[in-house]
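Participant: This is the structure I have questions about; it appears just below.
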Amino acid sequence: MLFGETLRVALQSIRANLFRAVLTMLGIVIGVAAVITMLAAGSGAQRAVEDQIEALGANVLNISAQSWFLRGVSRQQLTLDVEDVWALEEKSKYIDLVVPNLEDRGQIKYGNRNLNLRLVGTTNGYTELKGYEVEYGEMFTRADDESKQRVAVLGGAIPQQLELEDPGEIIGQQVAIRGVPFTIIGVLAEVGSDRNSPDERVLMPLRTAESRVLGSEDLDEISVRIADGVSPEVAMVDIERVLRTEHRILPGQANDFAIFDQKQFLETREQATQTFTLLLASIAGVSLIVGGIGIMNIMLVSVTERTREIGVRMALGATRLNIMLQFLIESTVLCMLGGLTGVLAGWGLAVLLSNTAGWAVYVSPESVILSFAFSVGVGLFFGILPARRAANLDPIDALRYE
C-alpha cells in the first residue's frame, strides 16, 4: 500500500469518528494553548525587565538607609539627608549625576477634584537619570530648586484622573498640594504599569518639598550615575568613603546606609522570571502528556474495533509495515490538528490577557515551533503501541474476530 493511500485511509478513519477525534484532541489543544500562553507571559515579563535594564544602563547605583532588625521585624532608620547629596556632588570623584528622592503621600486638589498621590521631592536630574520624558511643558530647573519655587510636574496618568481631555491644558494652572498652591509646568509621558512608574507621582523641587510640603530633610533614597569608564565597584568604594566621612562613622563601625547596583537586581529578577516561566510551561506541558495518553487509549480502542478490517487489509496484501504506518499516521494527524488548534488558542489567549489585564506578553516563534513539534512527538510516541498491536495481529484470527 502506498503512503498516499495509507494517509487517505487514516484520514477517512478520523472523519468517520469525528466527534471522538475532537474529544481526543482536546487534551493536546489545552496543553499546547497553556504552554504558549505561559511562555508568552514569561517572555513578555522578561522583555520588560530587559527594557528596564537597558533604560537604567549599567551605571546607576542606589543608596538607601540601612535596614536593621528588632525582634525579627525589619526596621529602617532614615539616615540620608540633603547634606549627603551636596557632599557626593562635591567630593565624589567617580559620579557625574546625583538625584535625591524624598517621598510621601499627599492630597492634591484641582478645581473640585481631589486625588491622593505619591509626592516626590527631587532635582531636575530625575528625568535624565530615570529615562523619563516630559511630554507637555518642561521640567523644573536647578534655579527653581535653589529658590524654592512652587512648581510641579505631574505623572502621565494624573491628567486623565483629573478628568482632563487634553493633558496639556493643565500647564500653567494652579493646583493645591497639601493645601499649598503650586503651578503645574510639565506633564510626563506615560510609562506603564511598572512598580516604579512615575505615572501617578507628582514631582517638585527638593528644597520646596522640604520646607513647604513634606517638612523633612530625611531622604528615602539617593540615586547616582557613574561617570563613563568607571566600574561600579570603584564608584561604590568612593561613595562609601564620602558618606562614612559625612556621617562620622569610625573605622570598624558598620555603615548606616546601603549601596545597591540596580542592574544586578534587575538581572536577578530576570533570571527568576525565566525560571518561573519554565516551571509554569513544564506544568502546562503535563497536559500534553495527559493528552498523549488519551490518544493512545482511543487508538487502542480503535484497533480492537477495527480488528476485522485489519484482517481484510492483510488478506488483500497489506504488510505489517502498512498497518503500523496507518495507525501511526492517524495518531500523528490527531496531534498535529490539536497542536495547530492549541497554538491559535494560546495566541488568542495571550492577546486577550494583554488587552484586558494589561500583561506584557510576547509570543515567540520558538515557543510556537517547540509546542507544535512537541505535540507531533507526542502523537508519534503514544501511537507506537497501538500501531504495533495492530501490525502484530494474526490475519486469520483477525478475519474471524466478531
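Participant: Just to verify a result, which residue in the range 126-172, among those that are in contact (Cβ under 8 Å) with a residue 60 or more places away in the chain and within 29 Å of the chain's Cα centre (by Cα), is nearest to residue 86 (Cα to Cα)?
Facilitator: Per the criteria, the residue is 126.
Participant: Would you please name the residue that is surrounded by the fewest Cβ atoms within 10 Å (Cβ to Cβ), looking only at residues in the range 168-199 that are charged (D, E, K, R) and assigned to a loop (DSSP other than H, G, I, E, B)?
Facilitator: In this case the residue turns out to be 195.
Participant: Could you please let me know if residue 105 is of a type in the set (Lys, Arg), under 29 Å from residue 59 (Cβ atoms) and either touching a strand residue (DSSP E or B) at 6+ places or on another chain (Cβ under 9 Å) or free of Cβ contacts under 8 Å to residues at least 40 places away in the same chain (or both)? Lay out the reasoning, then the answer.
Facilitator: On the way: of a type in the set (Lys, Arg): yes; under 29 Å from residue 59 (Cβ atoms): no; either touching a strand residue (DSSP E or B) at 6+ places or on another chain (Cβ under 9 Å) or free of Cβ contacts under 8 Å to residues at least 40 places away in the same chain (or both): yes.
No: the conditions fail for residue 105.
Participant: Let me ask you something else. Which residues, taken from the range 126-167, are touching a strand residue (DSSP E or B) at 6+ places or on another chain (Cβ under 9 Å), part of a helix (DSSP H, G or I) and either polar (S, T, N, Q) or surrounded by 13 or more Cβ atoms within 10 Å (Cβ to Cβ) (or both)?
Facilitator: Residues satisfying the conditions are 126, 127, 128, 129, 130, 144, 145, 158, 159, 161, 167.
Participant: Looking at 189, 209, 235, which one is under 30 Å from residue 42 (Cα atoms), out of contact with any Lys or Arg (no Cβ under 7 Å at 6 or more places or on another chain), of a type in the set (Gly, Ala, Ser) and modelled with pLDDT of 85 or more?
Facilitator: Going through 189, 209, 235 in turn, the sole match is 189.
Participant: Now a separate question. Mind listing just one residue for me: the one in the range 319-369 that is hydrophobic (A, V, I, L, M, F, W, C) and outside any helix (DSSP H, G or I) and, of those, nearest to residue 299 (Cα to Cα)?
Facilitator: 363
Participant: Taking interchain pairs and intrachain pairs at least six residues apart, which have beta carbon atoms under 8 angstrom, with the first residue in the range 367-388 and touching a residue at least 40 places away in the same chain (Cβ under 8 Å) and crowded, with 24+ Cβ neighbours inside 10 Å and the second assigned to a helix (DSSP H, G or I) and among the acidic types (Asp, Glu)?
Facilitator: Hits for this filter: 383/330.
Participant: Hey, another quick one. Would you please name the residue that is farthest from residue 290 (Cα to Cα), looking only at residues in the range 346-388 that are at pLDDT 80 or above and in contact with a Ser or Thr (Cβ under 8 Å, 6 or more places away or on another chain)?
Facilitator: Among them, the one singled out is 350.
The values are calculated or read from the model by the stated rules, or taken from the named source; none is laboratory data. Because the structure is predicted, anything quoted here is derived from the model rather than measured. Here Cβ is always computed from backbone atoms with ideal geometry, including for glycine, and neighbour counts include all displayed protein chains.
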